[in-house]
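Asks: Starting off with a structure, shown below.
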Amino acid sequence: RPLVVMDQVTKVFSSGTVALSDMSLTVNGGEFVSLLGPSGCGKSTALRIIAGLGDASTGMIDWPSSRINSKGLPEGDISFVFQEPTLMPWQTVFGNVHLPLKLKGVSKAAARDEIMATLATVGLEDFAEAYPRELSGGMKMRVSIARALVTRPKLLLMDEPFAALDEITRQKLNDDVLRLWKETGITVVFVTHSVFESAYLSSRIVVMKSRPGRVHADFALHTSLERD
Ligand code: ADP
Ligand code: ADP
């Protein structure tokens, strides 16, 4: 069951940089795909196109399992986690996780159970009333993940989410993301330049090369991490 189909996508920025050349990639439901490659090979550009946040210059992008809105973009099925958690400092953890539901018109009261359940999945149920400044970097990242999950997306896109965190925190978060993937059935596309991280996390690794960015290798992993 494909969630995303990229077919021969080329992306040329107005600067003339060819960020992606002829990239084809199908992401199937249930996969944990790592996009692995060196800095500048087009991983973020590809992820933004998969998210519907950036246009392809040529080629096609489609989301066969999603409701498509009048702009030709998928509606509500995709969430994005960036390296920078970008939380609202004037809002509590609860308020920050409420944001995507608020944008859909759901009040805090109506969203309370969903928000608390989502906070529990990332181990933050006791921090609902805390403010971002009171939290460590790893906890802020957990808030950011909860905010991405609270709308129950089919597809979670993560762009080098843990690269700025220390090694121990990073390993804990990797384990949390794996657990979430196993427990929820969500599909993940995870951008990283760490071979270790991609091998530890994924069910499939897509290796990219630069100048111009393109797919170099694409292989399934047979590890203890597969879902039952
Ligand atoms: P990665 O995520 O693998 O580090 P990116 O997708 O960020 O790679 O970038 C791929 C290439 O496109 C790089 O050469 C980068 O400098 C260039 N690039 C990225 N975004 C832009 C932009 N908005 N305008 C011009 N060039 C860009
Ligand atoms: P609530 O849902 O609790 O009303 P809001 O996000 O609407 O939360 O606003 C909470 C407070 O933060 C308000 O006082 C508002 O003026 C302030 N605020 C909202 N957006 C911004 C912003 N971009 N920068 C700084 N303060 C903001």
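The values are calculated or read from the model by the stated rules, or taken from the named source; none is laboratory data. From a predicted model like this one, the values you see are computed outputs, not experimental measurements. As a convention, Cβ positions derive from the backbone with ideal geometry for all residues, glycine included, and neighbour counts pool all protein chains shown. For the accessible areas, the whole protein counts, side chains as well, though only heavy atoms, and no ligand, DNA or RNA atoms are used. Shrake-Rupley method; radii C 1.70, N 1.55, O 1.52, S 1.80 Å.
Asks: From the residues 155, 138, 118, which one has its Cα farthest along the dipole of the chain in the positive direction, the dipole being from +1 and -1 charges on Cβ of Lys/Arg and Asp/Glu about the Cα centre?
Replies: Farthest along the dipole direction, towards plus: 155.
Asks: Calculate how steeply helix 93-103 sits against the longest principal axis of the alpha-carbon atoms of the chain, using the helix alpha-carbon long axis, and give the answer as 0 to 90 degrees to the nearest 10.
Replies: Helix 93-103 sits roughly 60 degrees off the main axis of the chain.
Asks: Considering only DSSP states other than H, G, I, E and B, which chymotrypsin sites (Phe, Trp or Tyr not before Pro) in the stretch 81-126 qualify as loop sites with at most 12 other Cβ atoms within 10 Å? Present the calculation step by step, with values, prior to reporting the outcome.
Replies: Numbers: sites: 82, 90, 94; in loops: 82, 90.
Loop-located and lightly packed - 90.
Asks: For the stretch 162-194 and the stretch 100-127, what is the centre-to-centre distance using only Cα atoms, to the nearest Å?
Replies: Cα centroid to Cα centroid, the span is 21 Å.
Asks: Place a +1 charge on the Cβ of each Lys and Arg in the stretch 1-91 and a -1 charge on the Cβ of each Asp and Glu, then give the dipole magnitude about the Cα centre in debye, rounded to the nearest 20.
Replies: Roughly 60 debye for the stretch 1-91.
Asks: Identify which of 64, 132, 153 has the largest mean-square fluctuation in a Gaussian network model of the chain, with springs joining Cα atoms closer than 10 Å.
Replies: Top of the fluctuation ranking is 64.
Asks: OK, next. What does the helix-only formula give at 222 nm for the chain: each DSSP H stretch with n ≥ 4 adding -39500 (n - 2.57), the total divided by the residues, and the result rounded to the nearest 500 deg cm²/dmol?
Replies: -10000 deg cm²/dmol
Asks: Beta carbons within 10 angstrom, averaged per residue: use that to sort the peptides 43-49, 121-127, highest first.
Replies: By packing density, highest mean first, the sequence is 43-49, 121-127.
Asks: Could you list the trypsin sites (Lys or Arg not before Pro) in the stretch 69-167 that lie in coil according to DSSP, counting only those with at most 10 other Cβ atoms within 10 Å of their Cβ? It would help to have the intermediate numbers written out before the result.
Replies: Details: sites: 71, 102, 104, 108, 112, 133, 140, 142, 147, 154; in loops: 71, 104, 154.
In loop regions of the stretch 69-167 (DSSP not H, G, I, E or B), the sparsely surrounded trypsin sites (Lys or Arg not before Pro) are 71, 104.
Asks: Counting Lys and Arg as +1 and Asp and Glu as -1, each charge on the Cβ, what is the dipole of the chain about the Cα centre in debye, to the nearest 20?
Replies: 440 debye
Asks: Computing the accessible area with a 1.4 Å probe over protein heavy atoms, can you report the carbon and sulfur percentage for the chain?
Replies: Looking at the chain in its full context, I get 52 percent from C and S.
Asks: Moving on. Could you give log10 I(q)/I(0) at q = 0.10, 0.24 Å⁻¹ for the stretch 1-82, computed by the Debye formula over C-alpha point scatterers of equal weight, without solvent?
Replies: Debye intensities relative to I(0), on a log10 scale: -0.23, -1.32.
Asks: Distance between Cα centroids, the stretch 76-99 to the stretch 1-53: provide it in whole Å.
Replies: After rounding, the separation between the Cα centres reads 24 Å.
Asks: Hey, another quick one. How large is the convex hull of the Cα atoms of the stretch 162-207 per residue, expressed in Å³ as a whole number?
Replies: 73 Å³
Asks: To the nearest 20 debye, what charge dipole does the stretch 62-170 have about its Cα centre, counting +1 at the Cβ of each Lys and Arg and -1 at the Cβ of each Asp and Glu?
Replies: It comes to approximately 420 debye.
Asks: Reported to two decimal places, what Rg/Rh ratio describes the stretch 93-172 when computed on Cα atoms with Rh from the Kirkwood expression?
Replies: 0.97
Asks: Would you mind listing how long the chain runs along its three principal axes, going by Cα atoms, in whole Å with the largest first?
Replies: Its Cα atoms span 47, 42, 39 Å along the three principal axes.
Asks: A further question on this structure: Just need log10 I(q)/I(0) for the stretch 139-228 at q = 0.18, 0.19, 0.20, 0.25 Å⁻¹, Debye formula, equal scatterers on the alpha-carbon atoms, no solvent, rounded to two decimals.
Replies: Debye intensities relative to I(0), on a log10 scale: -0.88, -0.97, -1.06, -1.48.
Asks: Also: Residue by residue, what Karplus-based ³J(HN,Hα) values in Hz, rounded to whole numbers, does the stretch 56-62 have, using 6.51, -1.76 and 1.60 with θ = phi - 60° and x for Gly and Pro?
Replies: The phi angles translate into 7, 6, 9, x, 10, 10, 9 Hz.
Asks: Along the stretch 4-15, what does the Karplus equation 6.51 cos²θ - 1.76 cosθ + 1.60 (θ = phi - 60°) give for ³J(HN,Hα), rounded to whole Hz, x for Gly and Pro?
Replies: Using θ = phi - 60°, the values come out as 9, 10, 9, 10, 6, 7, 10, 10, 10, 6, 4, 5 Hz.
Asks: So for each of 214-222, 26-34 I average, over its residues, the number of other beta carbons within 10 Å; can you give me the resulting order with the highest mean first?
Replies: In decreasing order of mean packing, 214-222, 26-34 become 26-34, 214-222.
Asks: I've got another one for you. Using modelled backbone amide H atoms (1.01 Å from N, in-plane), which distant-in-sequence or interchain residues come within less than 5 Å of residue 81's amide H?
Replies: For residue 81, the qualifying residues are 157, 158, 159.
Asks: Could you tally the net charge around residue 212, taking each other residue with its Cβ under 12 Å from the Cβ of residue 212, Lys/Arg +1 and Asp/Glu -1?
Replies: +3
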